[in-house]
1. Amide H neighbours of Glu156 under 5 Å, at least 5 residues apart or on other chains, H built in the peptide plane: list them.
2. Exposure proxy check: Arg201, Arg21, Arg51 ranked by fewest other beta carbons within 10 Å?
3. For the ranges 107-114, 31-38, what's the packing order if you count other beta-carbon atoms within 10 Å of each residue, average per peptide, and put the highest first?
4. For the charge dipole of the chain, defined by +1 on Lys and Arg C-beta atoms and -1 on Asp and Glu C-beta atoms about the Cα centroid, which residue among Phe231, Ile48, Ala7 has the Cα displaced farthest towards the positive pole?
5. Please list 3J(HN,Hα) in residue order for region 170-180, calculated via the Karplus relation 6.51 cos²θ - 1.76 cosθ + 1.60 where θ = phi - 60°; whole Hz, with x for glycine and proline.
6. If the only charges are +1 at each Lys and Arg Cβ and -1 at each Asp and Glu Cβ, what is the size of the charge dipole of region 138-200 around the Cα centre, to the nearest 20 debye?
7. If amide H atoms are built 1.01 Å from N in the plane of the peptide, which residues on other chains or at least 5 residues away come under 5 Å of the amide H of Ile27?
8. Express in whole angstrom the spacing between the alpha-carbon centres of region 130-172 and region 4-72.
Amino acid sequence: MQAILGATGQIGEELARELKRNFTSEIRIVSRNPIKVNDTDELFSADISIRERAIEAVRGSEIAYFTLGLPANTELWEKNFPLMLRNVIAACKINGTRLVFFDNTYMYPQDGRILTEKTVFAPVGRKGRVRKKMAEMILKEIESGELEAVICRAPEFYGPGKTQSITNTLIFNNIQKEKKLKVPLSAHKKRSLIWTPDASRATALIGNTRDAYGQTWHLPVDKSHPTYQEFIRIASIIYNRDLKYSLVSKLAFKLGSLFNKNIKELLELLSRYKYDNIFDDSKFRERFPEFQTTTYEQGISTIRDEQNLVRYKSVN
């Protein structure tokens, strides 16, 4: 049995599909309101901010994947994320379960350096400090030898389905609405974006590779690291449209944050758009050379086809 804690988002859903395809049919979907991804999935309703429910949710599982997401609300992150992870760590220890922790890059510095698994933690804002605390909780358990765990870290997402990211919001949502695209701060800085199905496939692979545990892994990205200008040029070719964009300045974001809570929650991440933001995945590529990463051309084509299908269904 392998349990996915937080399987209602894009990462969790894709993870469930990948586990079923290549690793096991015994999958437990854990959420407050779980929904089957595969017909063989076992559903388990639990609020893992309650320690006893976390223990029950993990019981009988060989591996537990922490893929939980919370709304972009700083107070909610500070209150619930460390608590939920603490409960899951305890549950895994009690049940003898290996833990796969799906992480992001919020705790990293935002100054243009190439990001590796050895990059020091230097969070800029409160959500970054929460993610730093959580990563350090896992690292402490690994170091103590009391828990067999692994960290799978991903940069900013782009992708199909329920994928939520700045890129999906400002680029693909606006393409679908036939509006001018928006680019934060600069269109000429190189960026690493991860295709969400790749993130889930790589997480499943690491979770089922015993010698991968006890480490941090950067998940694989397309190595071209395009600027937003280059990314939009690729999208223009694939959509067969001359896609126009405008820059959104830091001042515009700050003014918008006065009226929009979602924009306010993004402010601490803005610096990463001022510099090159390159995510080094060479460790993963060397260990798993057979893994095929989705190119930006392939990913953007998939999003286009999904949007076209949605549009077709809406008019028929």
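1. Ile194
2. Ordered by Cβ neighbours within 10 Å, fewest first: Arg21, Arg51, Arg201.
3. Ranking, from highest mean packing down: 107-114, 31-38.
4. Checked the options; the winner is Phe231.
5. After applying 6.51 cos²θ - 1.76 cosθ + 1.60, I find 7, 9, 6, 5, 6, 4, 4, 8, 6, 10, 5 Hz.
6. For this selection, approximately 740 debye.
7. Excluding prolines and chain starts, which carry no amide H, the hits are Gln2, Glu42.
8. 16 Å
Every number in this text was worked out from the coordinates using simple rules, so none of it is lab data. What you see is a predicted model, and the numbers here were worked out from it, not measured in a lab. Cβ: placed from backbone, ideal geometry, glycine included. Neighbour counts: every protein chain shown.
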